[in-house]
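Any read-out appearing in this document is the output of simple, stated calculations on the displayed coordinates, not a laboratory observation. Bear in mind that the values here come from a model prediction, so they are computed numbers and not experimental data. Cβ placement follows ideal geometry from the backbone for every residue including glycine, while neighbour counts extend to all protein chains displayed.
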Amino acid sequence: MVKVKVKYKEASKTNEHKINFSKVLGTFSFLISLGIFAVMFLPIGLQYVAPYLKDIFYKPVEPSITEIEYYDPGASYFENIVVNSPLAEQSEQNSKIVVNTTYTSPLTITIDAVGISNIKITSNVDSSDKNRYETALKQGVAHFKYTPLPGDGGNSFIYGHSTTDNVFNKYPNLPETIFTRLKDIDIGDTVQVVRDGKTLEYKTIMVKITSPEDLTMLSGIEGKEIVTLMTCWPLGVGTHRLIIIAERLEL
């Protein structure tokens, strides 16, 4: 048996981590170019994309009933109106006045001069039931049951909440307290009520502040069809009432 010696040449060690400066420079140049492109064109692109992203990700938060501060006159106040007002007597004496207590279709009210636009009026609200009138007022304003509907002659009584200035400034278009805007109404301003697709126009003829015990606002004006709008005064406090009376035009 012949033994053969084999010599192995040790491979020279080389630096396996050589930096390829050309590749690094190319990558750095690409990132700078990408950054310049983003700065120049990304804001423009976002203008087009943002509305779609908002619809997908943004969910508006409406204030809850517990966040709104306003004076609640209470069911006893409305019961007093029913018991002590001349509503039934008026409707019996004047055959031109119709009191339709079964009508349930919604109406809308618009007073352009003070920024009230297409606010829902819940018709024939039983205002001796607090749950019912509070439910109606969350959606807008309420038509007082046992008074004529707008368009049916006599005096249509419509009421809504008001709130303090600090809350109103935060939520200026909240239907629940939209009658806060009545503080800016003036004689001659137009009140529009839409009923069954027909627009009824009224002209403001009286603005007054009265006590809660004053029920003359329900007496109506002989020979005229009017709407009476009511909210609490001072705003959100309610020691008095702000009353707006508007007369029907083009009967």
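List nothing, just return the count: lysine pairs in the range 130-220, 8 or more apart or interchain, with Cα separation under 28 Å.
Lysine pair count for the range 130-220: 19.
Quick one, can you get me the convex hull of the C-alpha atoms of the range 181-251 expressed as volume per residue in Å³?
Numbers: hull volume 7.1 nm³, N = 71.
Taking the convex hull of the Cα positions in the range 181-251, it is 99 Å³ per residue.
Each residue of the range 216-232 in turn: what ³J(HN,Hα) in whole Hz from Karplus with 6.51, -1.76, 1.60 and θ = phi - 60°, glycine and Pro shown as x?
My calculation for the range 216-232 gives 5, 5, 9, 6, x, 10, 4, x, 10, 9, 9, 10, 10, 9, 9, 8, 7 Hz in order.
Compute the length gained on full extension between T216 and S105: take 0.36 nm times their separation in residues and subtract their Cα-Cα distance, giving the result in nm to one decimal. Could the numbers behind the result be given before it?
Values: separation 111, 0.36 × 111 = 39.96 nm, distance 2.79 nm.
Taking 0.36 nm per residue and subtracting the Cα distance, the gain is 37.2 nm.
Determine the shape class of the range 124-251: with a ≥ b ≥ c the square roots of the Cα gyration tensor eigenvalues, call it rounded for a/c under 1.5, and otherwise prolate if a/b is greater than b/c, oblate otherwise.
Numbers: a/c = 1.43, a/b = 1.35, b/c = 1.06.
It comes out rounded by the Cα gyration axes.
For R195, what residues show an amide H to amide H distance below 5 Å, using hydrogens built from the backbone and excluding near sequence neighbours?
Counting only residues 5 or more places away or on other chains, the set is L200.
Where does each of 156-164, 114-122, 182-190, 98-106 land if you order them by average Cβ count within 10 Å, highest first?
The peptides rank, most packed first, as 156-164, 114-122, 182-190, 98-106.
Going 7 Å from the Cα of K224 toward and past its Cβ, which residues in the range 182-204 have a backbone nitrogen under 19 Å from where you end up?
185-193, 200-204
Near the amide H of M206, under 5 Å away, which other amide H atoms are found, from residues 5 or more places off or on another chain, if H is placed in the peptide plane?
Under 5 Å from the amide H of M206 lie the amide H atoms of I245, each far enough along the sequence or on another chain.
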